[in-house]
Amino acid sequence: MFLNIYHSVMIDALSLEGNVFLGPIAGYSDRSFRSICIEQGANFTFTELISSEALVRNGVKSAVLLRRGDNEKQYGIQLFGADPVVMYKAAALLAPYHPEAVDINAGCPVPKVVKTGAGSGLMRNPPLLGQIVAAVVKSSQDHLGSVPVTIKLRSGWDEGSINYYECSRIAADAGAALVSLHARTRTQGYGGKSDWSHIKDLVSRITLPVIGSGDLFTPEDAENMLRETRCAAVMFARGAIGNPFIFSMTRSLLLTGAYILPDPSERLKTGFRQLRLLAEDAGETIACREMRKQFCAYTRGMPGGAPLRNRLVHAETIEAYRQILDQYGLDLSGKNPANS
Ligand SMILES: Cc1cc2nc3c(=O)[nH]c(=O)nc-3n(C[C@H](O)[C@H](O)[C@H](O)COP(=O)(O)O)c2cc1C
């Protein structure tokens, strides 16, 4: 039977046009990158994880981390923390940003986060995880117009404590509207292979929409995950870095069975546009440094990519980037409207 696998998604009352999402990626999924991903067809996006403790202690200092992109009609802000009271207060502070969802991080493996009991540390304490979800749901009702509260889990802490189902049930009972599952354990970090059978199992056992995450590097991976697991949506992460085209390609594959790869010039122009957007938020110097790692990804596998990368990693100004890319054959001057 033909399965229509590109489809809309409902998260409580929130209606999303399609089921190809951008996951939270610390150090990458900022406003500039999210905007570019949306241009390419991402149907929902998340900020990177934001510390509830820092938000509550310092107030909204880094508003830029919280703000939506100019073209971002719907987005979720992700919080992490291990104290229900602090998480309640932090969620309340999101009111000026009007996010369409608040996501709770229960998957971060970083020792600094885990040792406070937050991130994937929450999966070792399911009752606390439930209290955190309940607190954020209450805060959403009190301060955010009852936007959906979602949670992002891993499969479990380690191979011997796979508890994604227990944690999902507890989260659902506490009022969560959706579960994203990165099908790796905390011990795996980002290594090894993700186990999609966990996603399939969860989809078959809970009624909440389940978003699948783990090892989505090509449009075909996304199609396979949707078909194999029947998850409601897929969430790209590393596969989107330097390759935001993965959203348009995936959408095209799911709808038509085929897609077109972007040519080198489109890749570089998109990277350059991301640089300019990032500079508006972070300033030119930081943006130029930050974009080095991104350009390594944008130029991966490109003819002449290695010498180009060697030059771009020394670029300190937007003008320097422009000159290097111009020499590669792009006209980024803006004088030729067809190229701007
Ligand atoms: C550099 C990096 C930063 C990440 N930051 C976050 C984060 O802030 N919050 C979160 O829930 N997941 C985070 N993740 C996990 C991703 O959202 C995703 O679940 C994971 O990378 C698995 O997908 P992939 O194998 O397709 O990359 C991060 C992953 C990477 C590689």
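Points to keep in mind about this one:
- Pick from region 218-246, criterion within 16 Å of Asn4 (Cβ to Cβ), touching a strand residue (DSSP E or B) at 6+ places or on another chain (Cβ under 7 Å) and part of a loop (DSSP other than H, G, I, E, B), ranking: nearest to the ligand (Cβ to nearest atom): Cys231
- Ile77 falls short on exactly one of the conditions (1) assigned to a helix (DSSP H, G or I); (2) free of Cβ contacts under 8 Å to residues at least 40 places away in the same chain; (3) crowded, with 22+ Cβ neighbours inside 10 Å, and that condition is (1).
- Some residue of region 9-18 being in a loop (DSSP other than H, G, I, E, B), touching a residue at least 60 places away in the same chain (Cβ under 8 Å) and buried (at least 22 other Cβ atoms within 10 Å of the Cβ): no
- For Lys115: the one exception among (1) surrounded by fewer than 20 Cβ atoms within 10 Å (Cβ to Cβ); (2) touching a residue at least 12 places away in the same chain (Cβ under 8 Å); (3) more than 16 Å from the ligand (Cβ to nearest atom): (2)
- Selection from region 21-70 of residues that are crowded, with 16+ Cβ neighbours inside 10 Å, more than 11 Å from the chain's Cα centre (by Cα), within 16 Å of the ligand (Cβ to nearest atom) and among the β-branched types (Val, Ile, Thr): Ile50
- Positions within region 153-176 being of a type in the set (Lys, Arg) and in contact with a Leu (Cβ under 8 Å, 6 or more places away or on another chain), in sequence order: Arg154
A quick yes/no check of all residues on (1) in the same structural domain as Ala171 (by TED's automatic domain parsing); (2) in contact (Cβ under 8 Å) with a residue 60 or more places away in the chain; (3) surrounded by 19 or more Cβ atoms within 10 Å (Cβ to Cβ); (4) part of a loop (DSSP other than H, G, I, E, B):
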position: Ser197; (1), (2), (3), (4): yes, no, no, no
position: Thr207; (1), (2), (3), (4): yes, no, no, yes
position: Leu216; (1), (2), (3), (4): yes, no, yes, yes
position: Cys296; (1), (2), (3), (4): no, no, no, no
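- When region 237-259 is filtered for residues that are crowded, with 19+ Cβ neighbours inside 10 Å and among the basic types (Lys, Arg), only Arg251 remains.
The values are calculated or read from the model by the stated rules, or taken from the named source; none is laboratory data. What you are looking at is a predicted structure, and each value in this text was computed from that prediction instead of being measured. All Cβ positions, glycine included, derive from the backbone under ideal geometry; neighbour counts span all protein chains shown.
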